[in-house]
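Quick note: the coordinates plus some simple rules give every number you see, no bench work behind them. Given the structure is predicted, the values throughout are model-derived calculations rather than measurements. With ideal geometry, Cβ positions are generated from the backbone for all residues, glycine too; neighbour counts draw on all protein chains shown.
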Amino acid sequence: MSKGAAAAPASLTARNPKAITIAILAMGGEGGGVLADWIVDLAERSGYRGQTTSVPGVAQRTGSTIYYIEIFPEDAVQIAGKEPILALMPVPGQVDIVLASELMEAGRAVQRGLVTPDRTTLIASTNRVYSMTEKTAITDGRVDSEKMIDASRAAARSFVHADFARIAEDARSVISASLFGALAATGALPFHREQFEDAIRAGGVGVESSLAAFAAGFLAATDAPSGAAQSQPAHAKVGPLLQSLAARIDAEFPMASREVLLAGLARLADYQDVEYAAYYLEKLKPVRDLDAKFGRGDFRLLCETARYLALWMSYEDAPRVADLKIRRTRFARVHQDARVEPKQLLAIREFLHPRVQEIADMSPAPIGRWLLRSNFMRRLTEIFTGDGKIIETTSLHGYLQLYMIAAMRRLRRKSLRFKKEEKAIAEWLALVTRIAADDYALALELAECPRMVKGYGDTHAHGEKNYEAVIAALPTLRGKSDAVPRLKALREAALADDTGEKLGKALAELGATN
């Protein structure tokens, strides 16, 4: 979070009084209307006239509304002897304060010109509610939060940001209360903290929790030095079982790769076991040696290969999904999200629809192959799984069913899926190391190609098909002066849609130019 000293708005000048203009960008259920009412009540109790309007809209996440408020000093009305004319909608370049309940909402305010460096105090929560385009992207389609924060900082006169949604949740309140506290802390309105708190008390609903969230939001907006980045550890911490492997990283791998390697260790030990995490380090030694010989000293090839190797080795299968669904942390998170009271009971129901392929994948390799070859067994399996199944995870019977599936992780190394993934991983690593000696930059692009393979079911099958098509085109690219940008273009085409149409065109163009 960061903050800056907010100067008094132009509306406070005695010679030419103007309305203080405030825009609140919020999504459904976040209390944007309550926040607007608090501000208007605060103003009216403090000798100002207030007016609020709301303009509903449509966001790709949930309903989005702009609440617009103008407040005007009552004494200026009396001196002028006439009523002020207050606007109903925000005008770009004419907004003093913008409050955004989510980071993308802050970005929209900046894009619309509601935030200006000569005038606007911007208060934004850094939490994200991802849009449909971000969720449905084949690869990581999330908008870079840091870039949005940087853009917001550059666009505003004063910028305050923190995860006000989490702050409100911790106080068992809603984000409107923590944003109200942050607004009080900025000094952008000519009122004291006690006056803000009185407006909450006047509402009469959820007063104690709202005041707690208000206080936490106020503290969050004032606690950090202006523009100071919060210090972060150099790498992720590991538990006692991984200390020996962490020591191996310190002794055998370069400093530049330690953060990603420690993250990979933690992920794979959680996915399988410590032995599997050690196996991960062994796989990376040839890449480390080649990077030291042919790289530029930053060990980027090692880092990127380590990143995607950890992801590939922890592929999603039925035991992994079942394991995540029955974890204590998941139950605690659902209880918190649902705001379950101590005397209430919560039922969690899962809908499972396993395909024959997925059942064969988690079976021992010989049984899995037999299941896929046998038409009779395929039809018999589909009778029991064709319509899907609902399991109540919070019941003993449902929990034990998922527990038994999760326990199959012990057999994972013998499963059909594991054998298949191991073979593909070995071929990819061999190709990376072979190419690195001749063309380091091309090997670096190749190291990122597993991004195309992700998810499960049809999504995984489609990504796997695209990956194989791109790898098959690699011999054509090798030795060409533009091999690196062409391989990158093929990878991006594969990630651009889920139909394969763009990749097909890119491959056709590659063939036409040869």
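Taking only the Cα atoms of the chain, the radius of gyration and Dmax are 28.4, 91 Å. Centre-to-centre separation between the Cα atoms of the stretch 109-132 and those of the stretch 381-453: 40 Å. Straight Cα distances below 26 angstrom link Lys147 to the lysines Lys3, Lys135, Lys454, Lys488, with same-chain residues fewer than 8 positions distant left out.
Between Asp458 and Ser54, the distance separating the two model label sites (each 7 Å from Cα on the Cα→Cβ line) works out to 3.8 nm. Calculated [222 nm] ellipticity per residue, helices only, for the chain: -17000 deg cm²/dmol; basis is -39500 (n - 2.57) per DSSP H run with n ≥ 4, divided by all residues, nearest 500.
Rounded to the nearest 20 debye, the dipole size of the chain about its Cα centre is 1520 debye, using +1 on the Cβ of Lys and Arg and -1 on the Cβ of Asp and Glu.
Listed by chain and number, the aspartates and glutamates placed with their C-alpha closer than 12 angstrom to that of Lys389 are Glu350; residues fewer than eight positions away on the same chain are left out. Each principal axis of the Cα cloud of the stretch 302-383 was taken in turn, and the coordinate range along them, longest first, works out to 52, 46, 15 Å.
Counting neighbouring beta carbons within 10 Å and listing from fewest to most, the residues Ile22, Ile249, Ile425 come out as Ile425, Ile249, Ile22. Electrostatic tally near Arg410: other residues with Cβ closer than 14 Å to its Cβ, Lys and Arg +1, Asp and Glu -1, net +1. Relative contact order of the chain, please, whole-number percent, based on alpha carbon pairs below 8 angstrom and at least 6 residues apart. Worked out over the chain, it gives 11 percent.
In straight-distance terms, cross-link reach from Lys480 covers every one of the aspartates and glutamates whose alpha-carbon lies under 16 Å from its own, apart from those fewer than eight places away in the same chain; here that gives Asp438, Asp439, Glu445, Glu509.
Among beta bridges from DSSP that stay inside the chain, the antiparallel ones total about 65%.
Please identify the DSSP H helices in the chain that span no less than 24 Å along the helix axis (Cα) and have a mean Kyte-Doolittle hydropathy of -1.0 or more.
274-294, 416-436
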